[in-house]
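These notes are about the structure you will find just below.
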């Protein structure tokens, strides 16, 4: 079955540590996105990528980094520079060039600080 | 930029009808989406409106008025499983082909027996 897989479901970060969240899709979608969701708030865009080897900053990119070496994969690294990383992280993808271009989401990763 | 407003919480009774409103202020508009999100899970697509009017899909309908910057999601014959957060999202025309979405904070709907 096609879909987006995020792992792990739960992740804990120690002080000063970098952690990487995985996102893989087999939908053959060109564009991929990372969103952060805090309780009672909407989804905020961290980074997005339209094609392989290219990505752009979203609204809250500071303290995060990404790569897009393969079409299927868009990992997010939460660096030690991100001082408030506790949140629910959602990866999404979409097909470009269609009429409604809806986003398909992964099941999310809950990141907490130890 | 975009500003999207939704009520924070709503409560309704099983079998009833509920309307969740969304207003937006934008410099441009390329479509409005509604998503459903159960706690700790992925948002799932419900509806898309780009032209004025009502789009009906089973128990769910979505309405758009571009001149008023207003949309609503109508849920009929409410079921307990409809308890979830409902996210309104507007496509940002600034992003060109990237077609980013700006999300509202979501409306937490609780369905009571």
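At a glance:
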quantity: For the stretch B:31-84, Kirkwood radius (reciprocal of mean inverse C-alpha pair distance, Å); calculated: 12.0 Å
quantity: Cα convex hull volume per residue for chain A (Å³); calculated: 102 Å³
quantity: Segments A:10-17, B:28-35, A:69-76, B:74-81 sorted - mean Cβ within 10 Å per residue, highest first; calculated: B:28-35, A:69-76, B:74-81, A:10-17
quantity: Span from the the stretch B:1-52 Cα centroid across to the the stretch B:61-93 one, whole angstrom; calculated: 4 Å
quantity: Whole-angstrom Cα spans of the stretch B:1-105 along principal axes, big to small; calculated: 41, 30, 22
quantity: Rg/Rg_globular for the stretch A:59-114, with Rg_globular taken as 2.2 N^0.38 Å and Rg from C-alpha atoms; calculated: 1.33
quantity: Top of B:42, B:12, B:89 by mean-square fluctuation, Gaussian network on chain B, Cα under 10 Å; calculated: B:42
quantity: Whole-angstrom gap from the stretch A:84-114 to the stretch A:43-64, using each part's C-alpha centre; calculated: 11 Å
quantity: Chain A: relative contact order as a whole-number percent, Cα under 8 Å and 6+ apart; calculated: 35 percent
quantity: Rounded D (µm²/s) - the protein assembly as shown, Kirkwood Rh over Cα pairs, Stokes-Einstein at 20 °C, 1.002 mPa s; calculated: 118 µm²/s
quantity: Exercise: per-residue mean of other protein chain Cβ atoms within 10 Å, A:38-48; calculated: 4
quantity: Binned Cα-Cα distances of the stretch A:16-80, short to long, each 10 Å bin given as a whole percent; calculated: 22, 53, 24, 2
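Just so you know, all these numbers are worked out from the coordinates, no wet-lab data involved. This structure is a prediction, so every number in the text was calculated from the model and none was measured. Here the Cβ is made from the backbone with ideal geometry for all residues, glycine too, and neighbour counts use every protein chain on show.
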